[in-house]
Amino acid sequence: MKHEVFESRSVWKAIFTMTIPALITILVMIFYNMADMLFIGQLGNTSLIAGVSLISPVFSILMALATMIGAGGSIIIASSFGEKNTDRAKGCASVCFWTNVLLGTLMIILLNLFSSPLLEFLGARADTWEPALQYMRALSIGAPFMMVCTASGTMVRAEGAVKEGLIGNMTGTVINLILDPLFILVFRWGVSGAAAATVIGNIAGTVYYLHYILARSSVMSVSVSKAGQYAGILREVIPLGVPNAVSTVLSGLASTFSHQILAGYGTDYLAAAAAAGRINMLVTMLQMGIAMGVQPLLSYSFGARDFERMNEVLKKTMLLTTSVGVVMTAICMTLRLPLIRLFLKTPEAADIGARYVVWLMLGAVTLGLYYVSSNFLQATKHAGAAIIVSALRQGALLIPMLYIMHGLFGFWGIAYAHAAADITAALTALSVFLYFYRKTAAETRH
């Protein structure tokens, strides 16, 4: 059945088989990311919202590490599956699992030892310091579970287990969504309650994935002995996953620099920009979800040397991501004010957020092409090109543009920088994709 999805099912059916669960997962992740800020926003204190948003870059880096390992591992697992090399797939899965456990444990230690200098770097001020510190310390406890859960959700889809990937993600998220209002609004635990709900959700997701891997998976494993046997495979996993990590790390750095600039305008402006960013996620993450959903199809076709099928998957995925981007942008632009008001109770902050999100979405609509191009480069093991493309949007383009545009246009220049970086990155990524697409086609046919 799993081979049938990759090999013989019609391309549109295969795409929807892989992307619908991925899109549901992404939607759940969006609500998951919004939940803490949404319920904290009901307390009517913009300092709490600003404090939570300041910590997001820290956990972007943690998620980047997990995504790097999960994405790189999933490419090797899917291509090994296509090559019928099950033992290698199991070895890779085991290495990825234990690497995430060790890195997550290390993050607990580092985040608690260096909390004060880290908060200073992130731009915390007197009114945001305490909520930011509470949120970071409480979340750090769940770092190993967050990393294992994130990476496992990606890797199980590499063997075609899309339903299981969805269930694991839903398990953690639904628990978090149930506990958030209970801990924040009923128990009045504030930001610590939001963090506790997130940690418990990740523990539940991790338990589900472990059950699936141990009891039902045909190509996944958490064996310590296999991890030792295949430890060297990390040299392949990391370069393939680095593009995902680079993008996420640079996104976190860009958020940090943006927060440092915004802090000078006060908590209303910082909270407004954070809320606008959450709304923009509805557009960008859905496009990213489609691209991520089809990556196992691309990796499998590449491993099986089936260029014709890979070509058809690419064309239809680009059409799908672009269409979703246009439709979701239109919806969010139309409903931007009521959406912003879900997070922000003060009229001044809500008005700033509603205007800010317009500029974010001007560039976001083009990002489907960016994500598909980047995932194609990873799936076909052009790691160097994938890293360069991934570094463009949130790094090489956005970070300098933040300072240039802010210098020219003040506060609104920060929003202009996001639009300019997104559009430029999408056009550049498409050009790189076309070059390597032709190169891969020639190599595959020979």
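Bear in mind that the values in this text are calculations on the coordinates, not laboratory data. Given the structure is predicted, the values throughout are model-derived calculations rather than measurements. All Cβ positions, glycine included, derive from the backbone under ideal geometry; neighbour counts span all protein chains shown.
For the chain, the longest principal axis of the Cα atoms and the long axis of helix 11-41 meet at an angle of about 20 degrees.
Projected label points at V358 and I24, each 7 Å from Cα along the beta carbon direction, are separated by 3.7 nanometres. Legend: ranking of residues K381, K163 from fewest to most surrounding C-beta atoms inside 10 Å; resulting order K163, K381. Backbone phi angles across the range 361-371, fed through the Karplus curve with coefficients 6.51, -1.76 and 1.60 (θ = phi - 60°), yield HN-Hα couplings of 7, 4, x, 4, 4, 8, 6, x, 5, 5, 5 Hz in residue order; Gly and Pro are listed as x. Calculate log10 I(q)/I(0) of the range 273-369 for q = 0.14, 0.23 Å⁻¹, where I(q) comes from the Debye formula with a single equal point scatterer on each Cα and nothing for solvent. At q = 0.14, 0.23 Å⁻¹ the computed log10 ratios are -0.57, -1.03. For the pair F411 and A442 in one chain, pulling the backbone fully straight at 0.36 nm per residue adds 6.3 nm over the alpha carbon distance. Projecting the Cα atoms of V95, I40, S218 onto the charge dipole of the chain (Cβ charges, centred on the Cα centre) puts S218 farthest toward the positive pole. Across the chain the C-alpha pair distances fall into 20 Å bins from zero in the proportions 27, 59, 14, 0 percent. The alpha-carbon atoms of the range 39-155 define a convex hull whose volume equals 92 cubic angstrom per residue. Modelled label positions at N112 and E348, each set 7 Å beyond Cα in the direction of Cβ, lie 4.0 nm from each other. From the Kirkwood radius over Cα pairs of the range 296-446, Stokes-Einstein at 20 °C and 1.002 mPa s returns a whole-number translational diffusion coefficient of 125 µm²/s. For the range 301-341, the Kirkwood estimate of the hydrodynamic radius, built from every pair of different alpha carbons, is 12.4 Å. Between L210 and D127, full extension at 0.36 nm per residue minus the direct alpha carbon distance yields a gain of 25.8 nm. In the chain, the longest principal axis of the Cα atoms and the axis of helix 398-409 are about 30 degrees apart. Taking Cα atoms only, the orientation of helix 411-445 departs from the longest principal axis of the chain by about 0 degrees.
Ranking I178, I388, L360 by Cα position along the charge dipole of the chain, where only Lys, Arg, Asp and Glu carry charges on their C-beta atoms, puts I388 farthest toward the positive end. Under the convention that each Lys and Arg Cβ holds +1 and each Asp and Glu Cβ holds -1, the size of the dipole of the chain around its Cα centre is about 800 debye.
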